[in-house]
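The values are calculated or read from the model by the stated rules, or taken from the named source; none is laboratory data. As the structure is a prediction and not an experimental result, all values here were calculated from the model. Cβ sites come from the backbone with ideal geometry, for glycine too, and all protein chains shown count toward neighbours. Accessible surface areas use protein heavy atoms only, side chains included; no ligands, DNA or RNA. Shrake-Rupley method; radii C 1.70, N 1.55, O 1.52, S 1.80 Å.
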Amino acid sequence: MLEKLMPRSDDFFSDFEAQAATVVEGTSLLKALLDDFTDVERKCQGIKDVEHRGDEVTHRAFARLHTQFITPFDRSEIHRLLSRIDDVLDLADAAAERLGLYDLDAILPEARELSALLLRQAERMELAVKGLRDVRTNPEAVLDACKEISALEHDADSLTRRTMAKLFTRGNDPLTVLKWKEIIDLLEAGTDRADDVANVIEGVVLEHA
């Protein structure tokens, strides 16, 4: 009934999809940086450029949210979804920034693993976001993607706990421990925000599908 009464706007769906695409691009570049820790300044700048593009999409969508009368679903849900997607890319960029600023001799293998989990979440997130456009057609596919994101977040939590334990027992110097702890915390926070995205999408699907 609601769908019949209210004309549909695809602008927000395009915003979500554009945001999700930048997250995939940014997390892919972050993983590439950790896989091959060379030419670091250029690679970090590349991630920063993607983050700026993501911010532009987010700001444009927020402006639309305040001016457009008709929205595809609740405004608070749209705001949360835009914010959480943006957070994922911001945290990936923050981790890359630390990698560029800190004088690191070698890359922690677990950081590579975390970045791979974050990239996989981003890819699932993009799939889930694309499914929102026609959510009534195949809500199960969207929910399955959200479940995968949550499962990957649990994997990231477990990996983070093991990584922290190793950091404090490997005999690393305190400064190195602090540097890697901050980077690992940022990567893990990124996986948490991706899980938040999944939770928002699940709520939208369950309410509107």
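For region 44-65, check the following and say yes or no: at least one residue is at pLDDT below 95, touching a Ser or Thr at 6+ places or on another chain (Cβ under 8 Å) and either open to solvent by 20 Å² or more (accessible area, probe 1.4 Å) or part of a helix (DSSP H, G or I) (or both). So far as region 44-65 goes, yes, one or more of its residues are at pLDDT below 95, touching a Ser or Thr at 6+ places or on another chain (Cβ under 8 Å) and either open to solvent by 20 Å² or more (accessible area, probe 1.4 Å) or part of a helix (DSSP H, G or I) (or both). Inspection of region 100-110 identifies at least one residue that is touching a Lys or Arg at 6+ places or on another chain (Cβ under 8 Å), part of a helix (DSSP H, G or I) and buried (at least 18 other Cβ atoms within 10 Å of the Cβ).
Scanning region 27-43 for residues that are open to solvent by less than 70 Å² (accessible area, probe 1.4 Å) and in contact (Cβ under 8 Å) with a residue 12 or more places away in the chain gives 27, 28, 29, 30, 31, 33, 34, 37, 40, 43. Does region 126-141 contain any residue that is part of a helix (DSSP H, G or I), under 14 Å from residue 35 (Cβ atoms) and open to solvent by less than 10 Å² (accessible area, probe 1.4 Å)? No, because not a single residue in region 126-141 is part of a helix (DSSP H, G or I), under 14 Å from residue 35 (Cβ atoms) and open to solvent by less than 10 Å² (accessible area, probe 1.4 Å).
Scoring residue 154 on the criteria (1) closer than 24 Å to residue 54 by Cβ; (2) at pLDDT 95 or above leaves a single failure, condition (1).
For region 148-167, name all the residues that are open to solvent by 50 Å² or more (accessible area, probe 1.4 Å) and in contact (Cβ under 8 Å) with a residue 24 or more places away in the chain. Of everything in region 148-167, those that are open to solvent by 50 Å² or more (accessible area, probe 1.4 Å) and in contact (Cβ under 8 Å) with a residue 24 or more places away in the chain turn out to be 148, 155, 162, 166. Within region 66-85, which residues are open to solvent by less than 50 Å² (accessible area, probe 1.4 Å), at pLDDT 90 or above and not hydroxyl-bearing (Ser, Thr, Tyr)? Within region 66-85, 77, 78, 81, 82, 85 meet the criteria.
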